[in-house]
1. Could you list the trypsin sites (Lys or Arg not before Pro) in the range 87-149 that lie in coil according to DSSP, counting only those with at most 10 other Cβ atoms within 10 Å of their Cβ?
2. Provide the gained length on full extension for the span L44 to R18, in nm with one decimal, where the gain is 0.36 nm per separating residue minus the Cα-Cα distance.
3. Can you list residues whose amide H is under 5 Å from T97's amide H, if they're 5+ apart or on another chain and H is modeled 1.01 Å from N?
4. FRET efficiency for T184 and V129, Cβ-Cβ distance as r, R0 = 25 Å, nearest 0.05?
5. How many angstrom lie between the Cα centre of the range 158-219 and the Cα centre of the range 81-135?
6. So, R0 is 41 Å and r is the distance between the beta-carbons of A145 and V304; what FRET efficiency does that work out to, to 0.05?
7. Output wanted: per-residue J couplings in Hz (rounded whole) for the range 297-305, from phi through Karplus 6.51 cos²θ - 1.76 cosθ + 1.60, θ = phi - 60°, x for Gly and Pro.
8. Which order do L118, L24, L205 take when ranked by solvent-accessible area (1.4 Å probe, heavy atoms of all protein chains), largest first?
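The values are calculated or read from the model by the stated rules, or taken from the named source; none is laboratory data. Just so you know, these numbers come straight off a predicted model, no measurement behind them. Every residue, glycine as well, gets a Cβ built from its backbone with ideal geometry; the counts of neighbours run over all protein chains shown. In case anyone asks, the SASA skips ligands and DNA or RNA and just uses the protein heavy atoms, side chains included. Shrake-Rupley method; radii C 1.70, N 1.55, O 1.52, S 1.80 Å.
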Amino acid sequence: MTPGPSADEARRRGRAGRHAAVLLGGAVFVLWAVATLTFFAIRLIPGDPAQAILGGPGSQASQEALDQVRRDYGLDQPLVLQYFAMLGRLITGDLGTSYTLKVPVAELLGAQIGGTMLLALLALAAAWVLALALSLWSTGRGRVASALGQGIELVAAALPHFWLAGVLIAMFSTGLGWLPPVATGTPAGLVLPVTTLAIPLAGFLAQVMRESLLDAMRQPFVVSARARGERALGVRFRHTIRHAALPGISLSGWALGWLLSGAVVVETIFAMPGLGRTLLQAVTLRDIPVVTGVVLLVALVYVVMTVLTDLAARIADPRLAQEGAR
């Protein structure tokens, strides 16, 4: 007979299953909360959705046409019934049809998400490189380097996207003429938008990594490595960088969601097609299905990235998995 799992193994599996259930339940709750808040918030914006469907205030639609549209789209129903109807459609995966573009929202988002995700992922990678470089350079190298590093982190983290974008355009486009001031569909056209998103995030990540790096440098395994004669640079890259990266890994899910929200400003400034400009236009035109779809998609990306970063952190530091199994 094949022996069954031991009691310890069964407990570990049970805890792992409960952890997965908590993650799944949290994901469902976040998506429901986002959908609910978006539904009620968009209705606080002045304007008539029926007019938006018929082409906006300038369409001069008749009252009969407005009433017919309200009946067709369920806008004449009480707000509570409209809310539950929206939830029912979302459960079945139906995001509805854009009021202004007259195309399915899922099709519209599918055409726009590629550019925005590319922008956000490149900015996340650039922020990681900048944050690690700044942390490794300034930590444990004396008071001057530490103070300078902390000052750079604070300033970078506080920079607003719209101001930073203007400065970068003035320097590298208007002044030096090295880079285009708007997106051109080429790698050069991505440099300024990516940099605009990456610098503030790098400042924040570097602040978080600094504490972990300092803590790792005081650990016994680092002291032992130095006692064996390893050079300081080797100790940092072989022993401490993994511990310094753990907070950044855990925050990457939040960071990607933050980058996607920042894309609203950056895509508008640099005339880039993507979810950010789509959301801004939809809010302006009161296109409720598109607004709901974009916000839900961003929330879904955040949820998925949170789960993936949780798994990545457990792989990078097995102690997290052991603590979760206790």
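1. Passing both the DSSP loop test and the Cβ count: K102.
2. 5.4 nm
3. V105
4. That pair, T184 with V129, gives E of 0.60.
5. What the calculation gives is 22 Å, centre to centre.
6. Using R0 = 41 Å, I get an efficiency of 0.60.
7. 5, 4, 5, 5, 4, 4, 5, 4, 5
8. L24, L118, L205
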